[in-house]
Every structure is written in structure tokens, then in C-alpha cells.
Amino acid sequence: MTEERRPLIEIQKLTKRFSLRGNELTVLRELDLSIFAGDRIAIMGASGAGKSTLLQIIGTLDSPSSGRVLFDGEDVFGRSSAALARFRNEQIGFVFQFHHLLPEFTALENVMLPGLIGRKSRAESEKRAEELLELVGLQSRMHHQPGELSGGEQQRVAISRALFMKPRMLLTDEPTGNLDLKTGAGIHAILRDLNEQTGVTVIVVTHDPRLADEMPIRLLVDDGKLLPFAKGDARVHGRVPENLLHHDPLDSRAARGPAADDEVAAELE
Ligand SMILES: Nc1ncnc2c1ncn2[C@@H]1O[C@H](COP(=O)(O)OP(=O)(O)OP(=O)(O)O)[C@@H](O)[C@H]1O
Ligand SMILES: [Mg+2]
């Protein structure tokens, strides 16, 4: 098996600068990264290092100052803003530290919302939302409003909502930041299971090394570049030893065994 696989996302010489009142701040400097479909990646680094900036650019919510982001080989920032919005809506799910659930709607209605906005029928949206809430273990909380759910449960609702459109990528920015460690570990376990069962690519920004330890690939944003958090973590270029550049995510997947639940995988295909 020597066939070369193309990355899902290829970041090439990504530089991001902010200009503020005449001052230029370079946050990311000619950063390179390849992300393969099915990868599960933790991004760590000091406060202000540029983790959220990087995640926003991968999610096409912000654009590079220079450099390119290729998605399936195509420069996504070359698209019209309407095409980019459609792409983002269909391919990318976001989960943030504060979940942004609508307080007056139930868990089920919050998860259904992307379907209703996308003009799917109510019955179809409801069915998919129920399946997703079951997948994250919330079948008995579907009719609770966010204020009637625990923090971890609210975050699971947010994950279900992010998965509604069957995105290829789930981007999460400190999804466990305001949860205790045990609840946070539960969220990470759900992200791991979703990744293993459905193949969705997962990128998690986290400050907690204990949670990041669970991730097959751990990267550190440092001085505008990416470094592997530990030996064997990464495929990034730059200051990374050559032997770290050729990690194949399929190796670790093979070691973990086949996906446990083919039915779920087929459903979320
Ligand atoms: N719109 C903006 N205009 C100017 N500077 C910005 C803007 N957004 C972010 N920055 C600066 O860029 C740097 C990186 O910000 P970013 O939010 O990516 O950090 P982070 O690694 O996510 O930090 P944290 O762990 O605190 O969330 C910070 O120094 C921040 O002040
Ligand atoms: Mg941040």
C-alpha cells in the first residue's frame, strides 16, 4: 500500500497578521499542516498563542493574510462568499466553549434547527435530531431546555447540533473549558467515539493536557508555528524532525480495531 493519500486539508505557509491602531501583530507565521480525513487532533498552546485564530481559519470563519488552505486540493478562500458560506454550513461543525444553545428551545429543537433553517421537513429534522441525541446519550433529556441540563449535557447537545448536517470536520474550541475534569473527559470520550464510529475529522483546542493525552495527534501552537506536543505526534513541517513527518493516521486506527458500530457509521456517512 504505497498509494499516496491526499490530505483533507493542506495548510501551506499560513500567515495571519492583525493590524490594530497602526500596530501589526503576526500571530501565525508561515505555518504548514496536513490534516487527513479521520484525524483526531488536539491543539494546545499558551493563551494568546493563536489557537482560536488557527481554528477560525481552518473553519473558514476568518481568512489568511497570506498562504493557502486547500480543502480536497482546492483553495477554499478562492470561492465567492456565498459559496464559502454554503461550504462551511455543509462541511464544518463548530462547538465552542460556551455552547450558544437557544435557551427557550428544547434540546431536540436546538439540534433540529440547522435542518429547519436548511428547509428540511420538520419530521425529517426531528428524526435526525433524535438519533444524534441518542448517539451522545441524551435520549432521556430531549425535551429539556438548556437551563434544565447540566453543563456537560448542554455541551453534548451542542455537539449533536454541530453534527446535524453530517459535516466532514468537527472543530471545537475549548469545549470542556467550563466543565470539571470528569465531565470534560466524558465530552472527549464522545468526540473519540464519534471520530472512531463515523470517521468525522475532529480538531479540539484544549488547555488541559490530561484531555489532550487522549488524542492521537497533539500539536502545540508556539511562536506562530506548530510543533508536535510529544514525539510521534505530528506531521507538521518546519522545526519538526524529519521522522515525525510521516505518521499515518491509518496505522493508529488499525491498532484500535474496526469501527464498533457500523450502523451509526452508515447513518452519519
Ligand atoms: N481581531 C483581532 N484583532 C487584533 N488582534 C487579535 C484579533 N483576534 C486575536 N487577536 C490577537 O491574536 C492573538 C491570538 O489570539 P487567539 O484568540 O488565537 O489566542 P488563543 O491561543 O486562542 O488564546 P486563548 O487560549 O486565550 O483562547 C492574541 O494576542 C490576540 O490578542
Ligand atoms: Mg482561544
The lysines whose Cα lies under 21 Å from the Cα of LYS127, excluding any fewer than 8 residues away in the same chain, are LYS166
Count the net charge of all other residues whose Cβ sits under 12 Å from the Cβ of LEU102, scoring Lys and Arg as +1 and Asp and Glu as -1. -1
The stretch 36-81 shape via C-alpha gyration tensor axes, a/c threshold 1.5: oblate
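All other residues with a Cβ under 15 Å from the Cβ of SER47 taken together, and with Lys, Arg as +1 and Asp, Glu as -1, what is their net charge?
-4
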Once the dipole of the stretch 120-217 is set up with Lys and Arg at +1 and Asp and Glu at -1 on Cβ about the Cα centre, which of ILE159, VAL200, SER121 lies farthest towards its positive end? SER121
How many nm separate the modelled label positions at GLN97 and SER140, each set 7 Å beyond the Cα in the direction of the Cβ? 3.2 nm
Sequence ranges 6-12, 165-171, ranked by mean other-Cβ count within 10 angstrom, highest first: 165-171, 6-12
Tell me, what is the percent relative contact order of the stretch 1-147, built from C-alpha pairs under 8 Å that lie six or more residues apart? 20 percent
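Throughout, read-outs are computed from the coordinates displayed, never taken from laboratory work. What you see is a predicted model, and the numbers here were worked out from it, not measured in a lab. When we count neighbours, we look across all protein chains shown, and the Cβ atoms used for this are built from the backbone with ideal geometry, even at glycine.
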